[in-house]
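Chemist: Quick one: structure below, then a few questions.
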Amino acid sequence: MTLWLIGIPIVFGVGVGLAMQPMMFCAQNSGDQQDVATTTTLFMTIRMLVSAIGLAIAQSVMQNDIMPLLKVIAARFPDQANVVYNIVSNQSVIWESNVPIDVRDAVTEAYVKSTHKVYLVFLAFGSLTFIVSLFSKNLKLCRNLGGAAAE
């Protein structure tokens, strides 16, 4: 179990890291040589802005999905309702010894369902991005400092 908790973020980080550099290279190659610094700065600024917007979307989807699920769990376990609502602000509460395993499992399942919904939202965004990329212009790579494309 611990291997999965450590391994999945590492694989995800490597994949995202390997995808970022080619995108940066393509952005730099699409402009003139004297505009490489400006292109890089603009690319990084847009990437950070889109990342912030993506995080806001993910948080909104997660919060709107998890709260109704937690209300159902709190109604199912009325004696543990306070613990269930405290989990929203501090997820480590779930691992305290006084939390019954049934409540722990139900809350974990609710978070998995909500995370899956976030995944589906970003899968839709990713699919749209892929479709848009099919219509992007194909540029030849520059192989010299003058900026002329290789023949």
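Chemist: Residue check, ALA106 against (1) part of a helix (DSSP H, G or I); (2) open to solvent by 40 Å² or more (accessible area, probe 1.4 Å), all met but one. Which one?
Modeler: Condition not satisfied by ALA106: (2).
Chemist: Enumerate the pairs (first residue in segment 112-124 and more than 15 Å from ILE53 (Cβ to Cβ) and of a type in the set (D, E, K, R); second residue anywhere and at pLDDT 90 or above and surrounded by 14 or more Cβ atoms within 10 Å (Cβ to Cβ)) with beta-carbon separation below 9 Å, excluding pairs fewer than 6 apart on the same chain, so at least 6 apart or on different chains.
Modeler: The qualifying pairs are LYS113/ASP65; LYS113/ILE66; LYS113/LEU69; LYS117/VAL61; LYS117/MET62; LYS117/ASP65.
Chemist: Within segment 76-95, which residues are open to solvent by less than 90 Å² (accessible area, probe 1.4 Å) and in a loop (DSSP other than H, G, I, E, B)?
Modeler: The answer is PHE77, ILE87, VAL88, ASN90.
Chemist: I've got another one for you. From the list ILE57, ILE53, which residue is under 29 Å from ASP35 (Cα atoms), in a helix (DSSP H, G or I) and either modelled with pLDDT under 90 or β-branched (Val, Ile, Thr) (or both)?
Modeler: Result: ILE53 is the single residue among ILE57, ILE53 that is under 29 Å from ASP35 (Cα atoms), in a helix (DSSP H, G or I) and either modelled with pLDDT under 90 or β-branched (Val, Ile, Thr) (or both).
Chemist: When you look at GLY31, is it without any contact (Cβ under 8 Å) to a residue 60 or more places away in the chain and surrounded by 12 or more Cβ atoms within 10 Å (Cβ to Cβ), yes or no?
Modeler: Judged against the criteria, GLY31 is a match.
The values are calculated or read from the model by the stated rules, or taken from the named source; none is laboratory data. Computed from a prediction, not measured in an experiment: that's the story for all the values here. Heads up, the Cβs are rebuilt from the backbone with ideal geometry, glycines too, and the neighbour counts pull from every protein chain shown. SASA here: full protein model, heavy atoms, side chains in, ligands and nucleic acids out. Shrake-Rupley method; radii C 1.70, N 1.55, O 1.52, S 1.80 Å.
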